[in-house]
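The values are calculated or read from the model by the stated rules, or taken from the named source; none is laboratory data. If you're wondering where the values come from, they're calculated on a predicted model, not measured in any experiment. FYI the Cβ positions are ideal-geometry reconstructions off the backbone, even for glycines, and counts take in every protein chain you see.
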Amino acid sequence: MTAFKWIGILIATVTTALVTLANLLLAPFTTPTMPNPINGFPIRVVVVGWLSAFMAYLQERSDRKVDRFIEFLLGRLDDLENRIGDRNNGFVEGYLLAHENSPEPRAPVVPLAPRGGRRVTSADD
């Protein structure tokens with residue numbers, strides 16, 4: 001993107017210099033001025049050059065911001081993983097070690113009893 005920015009600036013600057021030089025050289029030697037289409041085309045080229053340079057600058061800036069945000073996010077995720085991941089690993093490993101060689105059989109899974117009590121009703125009931 002930096003290349004587009006500098007190419008746009010270079011084109012705009014060179015075009016401005018050439019049109020200004022042409023107008024300054026022709027003004028004292030000829031009575032009519034340069035025709036509007038001849039002056040209008042370089043002005044359009046200058047505007048397009050500056051716009052492309054500005055858009056390339058904005059793109060480069062947004063890329064830098066996104067890169068900084070990604071680096072910050074990755075740093076935060078690494079920090080969280082270092083703090084939380086070790087605790088969870090120790091808990092799971094300790095739990096598995098404690099229950100792996102236990103002499104008693106594992107308890108069966110007992111379903112929950114049906115819920116009794118109040119029932120939600122609507123105005124139509």
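Restricting to the stretch 10-48, count the residues that are closer than 25 Å to residue 60 by Cα and either at pLDDT below 85 or not in a helix (DSSP H, G or I) (or both).
The number of residues fulfilling the criteria is 0.
What pairs can you find where one residue is in the stretch 4-17 and among the basic types (Lys, Arg), the other is crowded, with 16+ Cβ neighbours inside 10 Å, and their Cβ atoms are less than 6 Å apart, with a gap of 6+ or different chains?
So the pair list comes out as 5/53; 5/56; 5/57.
Cβ-Cβ below 8 Å, separation at least six or inter-chain, first residue in the stretch 57-80 and closer than 22 Å to residue 9 by Cβ, second of a type in the set (S, T, N, Q): which pairs?
That search, which allows pairs on different chains as well, returns 60/2.
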